[in-house]
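Data block below; observations after.
Bear in mind these aren't lab numbers, they're just calculated from the coordinates by the rules spelled out. All figures in this text were calculated on a predicted structure; none of them were measured in a lab. So basically every Cβ, Gly included, is an ideal-geometry build from the backbone, and we count neighbours across all protein chains shown.
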Amino acid sequence: MSVRRLAEDSVQPASFAFNRSNAAWAKKKLKDYPKGREASAVIPLLMRAQEQDGWVTKAAIEHVAEMLDMPLIRVLEVATFYTQFQLAPVGKRAHIQVCGTTPCMLRGAEDLIKVCKKKISPNPFEVTEDGNLSWEEVECQGACVNAPMVMIFKDSYEDLTAEQMEEIIDKFAAGKGDEVMPGPQIDRIYSAPEGGLTSLTGKPVVAKKSAAKKAPAKAAAKKAAPATKAKPAAKIAGNIGKASAKPKAAPKAKAEDKGKPPAMRKPAKPDDLKLISGVGPKLEGVLNGLGIYKFEQISKWKKAEREWVDGYLKFKGRIDRDDWVKQAKALAKGGEEEYIRVFGKKPR
């Protein structure tokens, strides 16, 4: 691990103080720890200081040490040990951390670094003239299955190509970083197989409750009761075909169907649901199996429908995180052109 030192005094501010909202947050955060153990809050307080100023200054380290009644050297040790803390100014709009560990290197991390050198700076930690962008190479960031990947502040962007890296940098440079969807940049859900699910694709099986055991007294009485006389065969035959006096009650709606989105018969021209980010060929097949064929259907999903489909697919929260409804509304309204207008990129 390389030696990490504080930035030169020439760029260090004279003082630091949490703003009003962060000061209130810090005061509340300290109550999460037992009396005498407030020093455990050092990492969250340093992170909040970094989020406020963009990097961890010497003044911020001194301020946190005073707040927690810790020796300055102890807080300095924490700030210089963890690479999540930036000890010098970085890009205001994006500081790109490119993973350079073996899995990412084997999958193209060197190409991502070349893009950063070309579009930002030849050297890591050098901020662009406008102060908006910077980059560095870091160790494993825990998304090896989705290599290569980068982190920009708190979000990860995975399964990247050099071309996609260029597009992402351009978006952040233009102040449109919120238009870039975090996570895998290919057709996969989180770290699931590319192209969708390959197992556990059937409908969840709900175990039936076992019938309640009969009371011992009733069971004993039944055992002691004499056997009933067999009905004559003729009488039994006479009862066959007689209509029941009571009509059968209509079947009750199943509890698990509550919130299930309305289905439709397969139309002559189904929409290509794979244009929605997060939906692959396998997932499209599952949706079709539920009678979902059109963007318009997904665009009308309310909370109940989204929760039902999330539960059925066993990917809780994915629909809202990827905003399927907003994507479907754009595609239903004007196809790919409307999608590009809304999201600033082509649908995948």
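Some notes on this structure:
- With the convex hull constructed from alpha-carbon coordinates only, region 9-81 shows a mean projected area of 4.8 nm² over all directions.
- Packing, taken as the mean count of other beta carbons within 10 Å per residue, orders the peptides 267-273, 170-176 from highest to lowest as 170-176, 267-273.
- Taking θ as phi - 60° and the Karplus parameters 6.51, -1.76 and 1.60, the scalar couplings of region 83-96 work out to 6, 5, 8, 8, 9, 9, x, 10, x, 6, 8, 7, 10, 8 Hz in sequence order, x denoting glycine and proline.
- Checking every one of the GluC sites (Glu not before Pro) in region 1-87 against DSSP loop status and a limit of 14 other Cβ atoms within 10 Å picks out Glu8.
- Sparse packing (at most 11 other Cβ atoms within 10 Å of the Cβ) combined with a DSSP loop state is found for the following trypsin sites (Lys or Arg not before Pro) in region 19-127: Lys31, Lys35, Arg37.
- For Val138, the residues 5 or more places off, or on other chains, whose built amide H falls under 5 Å of its own are Val98, Cys99, Gly100.
- For the residue pairs Lys117/Lys345; Lys258/Lys329; Lys58/Lys171; Lys92/Lys316, the C-alpha atoms sit more than 27 angstrom apart in Lys58/Lys171; Lys92/Lys316.
- Furthest towards positive pole of dipole, Met149, Leu87, Gln97, structure part region 71-168, Cβ charges: Leu87
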